[in-house]
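Notes to accompany the following structure.
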Amino acid sequence: MSFFKCIFGPKLYLEYGSSPAQKMYEPVGLEKFGEQILYTLSLMWNLSYYTSPLIVTFLYRRGYFVTDSISSMAKFTTSIGLIVIISLCMRGIGRSQNRSYVKLIKALETQKSNVTNDEKKRALRRFDFDFRAWDVDFDVNSLQSDNKKPGTPGSSRDKRSFQLATLPCELVAYAAMHTFGIRMIYPGSVKLLQNYMRPMLVAGRAKLIEEQNATRYKIKTVDSNEIDSIFVDKRGRGSNGNTLVICSEGNAGFYEIGIMGTPIALKYSVLGWNHPGFEGSTGQPYPDQDKNAIDSVIQFAINKLGFQVDDIVLYGWSIGGYSTLWAASCYPDVKGVIIDASFDDVLYLAQPRMPASLAGIVRIAIRNYCNLNNTELLPNYNGPILFIRRTEDEIIAEDNQIHTNRGNFLTLALLKYRYPNIYKAEQLNRMKKILSKPIEANANNDDDDLCMSRLITFASDQGKSFPMEIGEDYTDITRNIMAEFLLRKHFRDYKSTHCTPLPTDFFNIPWDIPIEHGFVFT
């Protein structure tokens, strides 16, 4: 084993099944000091990168860009380079004397040997290490063109047109979104936050791998990002195991400590993934990259794991609702969609959190570069869907007021599209009043059986496509009854805040209208 490999090898986080007790890998001796110095320099670099406009302005005003100052800066840079070299050597010496790290290097060397691919993977899966050193397990570009799923047509707003009068605002919006803006929307992509959370993320992965026999995979997208994913296989271990739940996390969520726990507890097979730029995933969570990521994850589930599309449930929490609804619009034959604590349009969440004077720039930035508009995606998916609202949500509601919860607007947008003759103006206003208070779970009305019969009769006779024309000849009273019934079938309340894990009682396969051929309504 060469000293060079110890210097530049991947960072080791954990060796599974290590003795006396499984614990995080802790650098010791020279490796520890070398890593501390390198980490400090990396931290300083990241901080200076994000504050570079202020630093450059300060240095310029102090006259540090004259010849003498430039010479001093060159000497300073040389000194930093020497410190880096010494620190790398210290790290290499320390690693070469650590038994666990030596094992990792030997396992990595098997990737270039003549052993089978399964043997290589088994050797590497004994370790949790920097995911950049992991080989790609599935490349969506390797599929035949007829196996690739075409994306849905983009919104008209995706075709950007610039006008001279708005050019300054366009430039400011572009700069804002491509620096701090995308990180405000997706704080989980900030490396400083990831470094802080790393012990929790490593422990979360270890729990999935050790307790649930999960397998970690690297998936390569069509735009060459590498997506960090993990699969828990429950097939053959119960009635739910043949159904795959694909989980899309929130804007600061990771599969290691995210929403996978709920479907796992119900014995579903579960596939989790991290947004681009999150933990082991490369790239940045811009909408196009995120769409390619979830598409590659589904292709992996179909072509590598062997699931059928109609055996897949898409489950999205918070901002992951956008990834989920976009995937559903591309794969409309999925078994169902569950949207938990999500919103209708991210613009209505972004504007109140920014100064009113910047409202125009915020709108341009969102619409042009991060247009997470769930309402626009709803017409592209006609399958079973369930919305879950957190009644004490502090993120997608203003001042925890339930009537301002953006999930209300998303739910009503779907119902209005699917049942336009039932959800007239009067019914929509009535539903808004109902949604201004918590809805009782599992509430049943005397008219529920009659409402179901109306739907079954119409769908069996006219088909179940949407928008469904049922209700054109109904009275307002009948529309009110049907509107409340359909709301309860598509919507559930959970008394909690935004980030509370979802209990298993709330995770159900979404309701669908059954079709009975030859059914006659009496």
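The values are calculated or read from the model by the stated rules, or taken from the named source; none is laboratory data. Bear in mind that the values here come from a model prediction, so they are computed numbers and not experimental data. Note that we place each Cβ from the backbone using ideal geometry, even for glycine, and neighbour counts take in every protein chain shown.
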Handout entry: Qualifying residue in region 143-155 (condition: at pLDDT below 90 and within 25 Å of Pro352 (Cα to Cα))
Key = yes
Fill in the blank from the handout: Within region 468-488, of all residues that are more than 20 Å from Asn429 (Cβ to Cβ) and of a type outside the set (Asp, Glu), the one farthest from the chain's Cα centre (by Cα) is Ile470
Fill in the blank from the handout: Residues of region 435-456 being closer than 14 Å to Met482 by Cα and either in a helix (DSSP H, G or I) or at pLDDT 95 or above (or both), in sequence order, are Asp448, Asp449, Leu450, Cys451, Met452, Ser453, Arg454, Leu455, Ile456
Fill in the blank from the handout: Counted residues in region 447-490 being polar (S, T, N, Q) and free of Cβ contacts under 8 Å to residues at least 24 places away in the same chain come to 3
Exercise for the section: Using the structure shown, decide if Asn373 is assigned by TED's automatic domain parsing to the domain that holds Glu170 and closer than 20 Å to Asp290 by Cβ. Expected result: yes
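Matching residues to (1) more than 15 Å from the chain's Cα centre (by Cα); (2) part of a helix (DSSP H, G or I):
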position: Gln299; (1), (2): yes, yes
position: Ile302; (1), (2): yes, yes
position: Gly306; (1), (2): yes, no
position: Asp310; (1), (2): yes, yes
position: Gly321; (1), (2): no, yes
position: Phe343; (1), (2): no, no
position: Tyr348; (1), (2): yes, yes
Handout entry: Where a residue in region 334-354 is in the same structural domain as Met260 (by TED's automatic domain parsing) and under 15 Å from Asn251 (Cα atoms) and its partner, wherever it lies, is of a type in the set (Phe, Trp, Tyr) and assigned to a loop (DSSP other than H, G, I, E, B), with Cβ under 8 Å and at least six apart
Key = Leu349/Phe343
Fill in the blank from the handout: Of the residues in region 406-447 that are out of contact with any Phe, Trp or Tyr (no Cβ under 9 Å at 6 or more places or on another chain) and among the hydrophobic types (A, V, I, L, M, F, W, C), the one that is nearest to Gly321 (Cα to Cα) is Ala413
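Show me the helices (runs of 4 or more DSSP H) found entirely inside region 1-100 where at least 1 residues are under 30 Å from Glu210 (Cα atoms) and at pLDDT below 85.
Numbers: elements: 3-8, 29-50, 52-61, 67-96.
By residue number, 3-8, 29-50.
Report yes if Pro384 is out of contact with any Leu (no Cβ under 6 Å at 6 or more places or on another chain) and modelled with pLDDT under 95, otherwise no.
The answer is no for Pro384.
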